[in-house]
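One structure below.
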Amino acid sequence: MTKYLISFPSSAMVVSADELPAVADAAHAVVQEAKDAGVWVFGGGIDESVAAVMVDGGGSVAEGTYPQTSRFDGGFTVLELPTREAALEWAARIATACRCAQEVREFMYDPES
């Protein structure tokens with residue numbers, strides 16, 4: 001089976017403070033469905049209050065990130081699914097729960113994993 005990354009940036013989720021508890025409940029319900037279906041690998045929201053750092057091969061650490069990923073935020077889910085169509089169906093469920101469109105990307109096949 002193939003692993004799929006289903007994600008959204010923080011700016012895509014536009015909900016009021018009053019709506020947030022219902023959105024969180026709906027998102028947790030979809031996560032539980034994925035776990036119950038045996039397709040859940042990992043997921044969560046990026047903690048935007050913690051700055052990104054870069055670590056090089058020698059172990060040096062520097063604040064910051066690659067310029068093209070300076071706005072990596074929001075939430076993501078990794079699911080292992082039999083087809084791209086299944087990934088699109090799960091993305092639709094997540095989009096409904098989070099009230100925002102989801103981006104779907106496929107991980108490359110790795111025979112060692």
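The values are calculated or read from the model by the stated rules, or taken from the named source; none is laboratory data. All values derive from a computational prediction rather than experimental measurement. Glycine also receives a Cβ, built like all others from the backbone with ideal geometry; neighbour counts cover every protein chain displayed.
Out of the residues in segment 28-56 that are surrounded by 12 or more Cβ atoms within 10 Å (Cβ to Cβ) and at pLDDT below 95, which is nearest to GLU80 (Cα to Cα)? Restricting to residues being surrounded by 12 or more Cβ atoms within 10 Å (Cβ to Cβ) and at pLDDT below 95, the top hit is GLY45. Residues in segment 26-64 that are without any contact (Cβ under 8 Å) to a residue 24 or more places away in the chain, in a strand (DSSP E or B) and of a type outside the set (D, E, K, R): 5 in all.
Within segment 13-25, the residues that satisfy the criterion of being within 19 Å of the chain's Cα centre (by Cα), in a loop (DSSP other than H, G, I, E, B) and over 30 Å from MET1 (Cβ atoms) are VAL14, VAL15.
When the criteria are applied in full, ARG99 fails the requirement of being among the charged types (D, E, K, R), under 13 Å from SER7 (Cβ atoms) and under 17 Å from the mean Cα position of the chain (by Cα).
Kindly establish whether VAL78 is touching a residue at least 24 places away in the same chain (Cβ under 8 Å) and either closer than 23 Å to MET13 by Cα or surrounded by 15 or more Cβ atoms within 10 Å (Cβ to Cβ) (or both).
Here the answer is yes, as VAL78 does meet what is asked.
So is PRO67 surrounded by fewer than 12 Cβ atoms within 10 Å (Cβ to Cβ) and either within 14 Å of THR2 (Cα to Cα) or modelled with pLDDT of 95 or more (or both) or not? No: the conditions fail for PRO67. With respect to being closer than 28 Å to GLU89 by Cα and either touching a strand residue (DSSP E or B) at 6+ places or on another chain (Cβ under 6 Å) or without any contact (Cβ under 8 Å) to a residue 60 or more places away in the chain (or both), MET1 fits the description.
Considering segment 81-91 alone, what residues qualify as being loosely packed, with under 13 Cβ neighbours inside 10 Å, in a helix (DSSP H, G or I) and not basic (Lys, Arg)? Full working, then the answer.
If we filter segment 81-91 for residues that are loosely packed, with under 13 Cβ neighbours inside 10 Å, which is where we start, we get 82-85, 89.
When the remaining residues are screened for being in a helix (DSSP H, G or I), the result is 84-85, 89.
Result: GLU85, GLU89.
Here VAL78 does not qualify as touching a Lys or Arg at 6+ places or on another chain (Cβ under 6 Å) and part of a helix (DSSP H, G or I).
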